[in-house]
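Colleague: This is the structure I want to talk about, given as structure tokens.
The values are calculated or read from the model by the stated rules, or taken from the named source; none is laboratory data. All values derive from a computational prediction rather than experimental measurement. With ideal geometry, Cβ positions are generated from the backbone for all residues, glycine too; neighbour counts draw on all protein chains shown. Note: accessible area is taken over every heavy atom of the protein model, side chains too, but ligands, DNA and RNA are not part of it. Shrake-Rupley method; radii C 1.70, N 1.55, O 1.52, S 1.80 Å.
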There are 2 protein chains.
Amino acid sequence: MAHGKPVVGFIGLGIMGQPMARNLLKAGFGLVVYTRTRRKANGLLAEGALWADCPAAVARQAPMVITMVPDSPDVEQVVLGPQGIIEGVRPGGVVIDMSTVSPRVERAIAQQLATRGVAYMDAPVSGGSWGAIQGTLAIMVGGEEDAFRRVLPIFEVMGKSITYMGPSGAGQVTKLVNQVLVAVTLSGVAEALVFGAKAGADLLKTIEAVKGGAAGSWQLANLGPRIVKGDFAPGFMITLQLKDLRLILEMAEELALSLPLTALVAQLYRAAVVDGKGECGTQAVVTVLERLAGVEARQGSA
Amino acid sequence: MAHGKPVVGFIGLGIMGQPMARNLLKAGFGLVVYTRTRRKANGLLAEGALWADCPAAVARQAPMVITMVPDSPDVEQVVLGPQGIIEGVRPGGVVIDMSTVSPRVERAIAQQLATRGVAYMDAPVSGGSWGAIQGTLAIMVGGEEDAFRRVLPIFEVMGKSITYMGPSGAGQVTKLVNQVLVAVTLSGVAEALVFGAKAGADLLKTIEAVKGGAAGSWQLANLGPRIVKGDFAPGFMITLQLKDLRLILEMAEELALSLPLTALVAQLYRAAVVDGKGECGTQAVVTVLERLAGVEARQGSA
């Protein structure tokens, strides 16, 4: 289409998929989209994207199809289910799943598609909706290396740090390691701030004093001040973090592996969901720790 | 003395105190030292420091005295005990405790010294022995603000990021918040790497792929690769980290505060000490998680 760039199919236009697809359109790729709730596509359709009535129809019109859906059963349904991608895709096509799902499920899908001569890549992302909008996502890719090279120009439109990690599933494993780090670090930040609040510290001053040293982290620098201001707007939602923690703990179960910190942190996120904070940003996990402490970490005027 | 700079007393010449005192000497301050094990002073005495036979004798010769000792009872002993600083210090003097100890103990000592017209500051540091040697410590200071201004030139020789946090005890509170962050973040890094190892990831590649994003931390960037290489040389020792965690949990007890992550992390460090890893660097906490997983995070040639 425009500038001779190929047509890309995009399935799943949620909080992440929508801005990622928009960046492809802006970069001059042709775009064919499908999503469960059609009105979520309205903006993109007005901007030049084409609608397809099912995943199979997307795959018939686009040699490369991206999926960005919530969970493992969703990607199985969209790729292998009735009217799924597998019914429309042609040999030589590439399917790229950018969702965060089980590495085991990705390997199984990759095997099924390989029998049809179709490459399948797992390419989950990190960076939240902010990164999706700005096209600065980190993308961790598993699958065949020659397919990776073919689709690299697409990744470069959506992300900043793009790493080929190894065979099928390796992207998801990297993402799950990333999520252990993100969830444990943020919970530690929240617990440290609650402790500081109860001990009488000026929390913003404390963050400034320690963030440049051994205590420093992306979570402390970026979400610490939001916690102190009581700003729980989502960069990444509690419910999605909890889903990722479940994937990690399921995989730990399969691998017969004990993950004590991740298990505890999952309970904190679970408690936040029970308390109605599921749609809040992950930093709202602080509210669970605040109740355990009988003190608020919110200080001063927001 | 040299360059007309004042004489500074320094008590406690361990792995941190020795390089900190040396930086004062190099910067042209006169230096009078005392430490429990006299041979630890030999190097500094050869470089021009003077020896005093007890803390009181140090205080008689130096209007400013720094203490750098392991724990709360040690600083109480050195300042208020027999032949302690309090027996030699004159009105107008300043005592600066740079140890990491209980905020409550610091406030009590400050009150006692105040009755003698002596200022007392709590000024714990972060940055480990590497930071002590390079003079790049973070220093978090509690006490009277005018005393802080008087001793700032001394801090500037030992540290890079120097923050006045508030009244007596505020420096220690900041340090303990710092230690919650450091210990939880590092334990999360260790658990994430053990998970990745068991899931078949290339760990150094994984660290590179994720460290620039939301999963990033000082601990991951600096100690992650050491874990993968099996390098447990101490920047900061397990036993000292466990002592700090005990201080935090004692303070949480006083404040009637639940700290679930810190409590779990303290158990992991305790298990490392039980296993004979007390003198190793904090990154050796990974060995505890490795046993829970039945896999080593060490990969490739060191």
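Colleague: Considering only segment B:186-219, state which residues are within 21 Å of residue A:249 (Cβ to Cβ), within 7 Å of chain A (Cβ to nearest Cβ), open to solvent by less than 50 Å² (accessible area, probe 1.4 Å) and part of a helix (DSSP H, G or I).
Modeller: Once the filter is applied, which keeps residues that are within 21 Å of residue A:249 (Cβ to Cβ), within 7 Å of chain A (Cβ to nearest Cβ), open to solvent by less than 50 Å² (accessible area, probe 1.4 Å) and part of a helix (DSSP H, G or I), segment B:186-219 yields B:187, B:188, B:189, B:191, B:192, B:195, B:196, B:206, B:210.
Colleague: Out of segment A:262-274, which residues are closer than 24 Å to residue B:267 by Cβ and either facing chain B (nearest Cβ under 9 Å) or free of Cβ contacts under 8 Å to residues at least 24 places away in the same chain (or both)?
Modeller: Listed by number, the residues that qualify are A:262, A:263, A:264, A:265, A:267, A:268, A:271.
Colleague: Given the conditions (1) in contact with a helix residue (DSSP H, G or I) (Cβ under 7 Å, 6 or more places away or on another chain); (2) in a helix (DSSP H, G or I); (3) open to solvent by 10 Å² or more (accessible area, probe 1.4 Å); (4) free of Cβ contacts under 8 Å to residues at least 24 places away in the same chain, which single one is not true for residue B:181?
Modeller: It is condition (3) that residue B:181 fails.
Colleague: In addition: Take the residues in segment A:160-174 that are open to solvent by 10 Å² or more (accessible area, probe 1.4 Å) and more than 8 Å from chain B (Cβ to nearest Cβ), then tell me which one is farthest from residue B:197 (Cα to Cα).
Modeller: Top of the filtered list is A:160.
Colleague: Tally time: how many residues in segment B:136-157 are more than 17 Å from residue B:109 (Cβ to Cβ) and more than 14 Å from chain A (Cβ to nearest Cβ)?
Modeller: So the answer is 8.
Colleague: Also: Go through (1) touching a residue at least 12 places away in the same chain (Cβ under 8 Å); (2) more than 28 Å from residue B:133 (Cβ to Cβ); (3) touching a Phe, Trp or Tyr at 6+ places or on another chain (Cβ under 8 Å) and name the single condition residue B:114 misses.
Modeller: (1)
Colleague: Right, residue B:200: under 26 Å from the mean Cα position of the chain (by Cα), modelled with pLDDT of 95 or more and at positive phi or not?
Modeller: Against the criterion (under 26 Å from the mean Cα position of the chain (by Cα), modelled with pLDDT of 95 or more and at positive phi), residue B:200 does not qualify.
Colleague: Residues in segment A:122-139: is at least one crowded, with 24+ Cβ neighbours inside 10 Å, in contact (Cβ under 8 Å) with a residue 40 or more places away in the chain, outside any helix (DSSP H, G or I) and charged (D, E, K, R)?
Modeller: Checking segment A:122-139: at least one residue is crowded, with 24+ Cβ neighbours inside 10 Å, in contact (Cβ under 8 Å) with a residue 40 or more places away in the chain, outside any helix (DSSP H, G or I) and charged (D, E, K, R).
Colleague: Restricting attention to segment B:254-261, does a residue exist that is in contact (Cβ under 8 Å) with a residue 60 or more places away in the chain, surrounded by fewer than 24 Cβ atoms within 10 Å (Cβ to Cβ) and of a type in the set (A, V, I, L, M)?
Modeller: Yes; the residues of segment B:254-261 include at least one that is in contact (Cβ under 8 Å) with a residue 60 or more places away in the chain, surrounded by fewer than 24 Cβ atoms within 10 Å (Cβ to Cβ) and of a type in the set (A, V, I, L, M).
Colleague: Let me ask something else. Return only the number of the condition from (1) open to solvent by 40 Å² or more (accessible area, probe 1.4 Å); (2) more than 7 Å from chain B (Cβ to nearest Cβ); (3) not basic (Lys, Arg) that residue A:224 does not satisfy.
Modeller: Condition (1) is where residue A:224 drops out.
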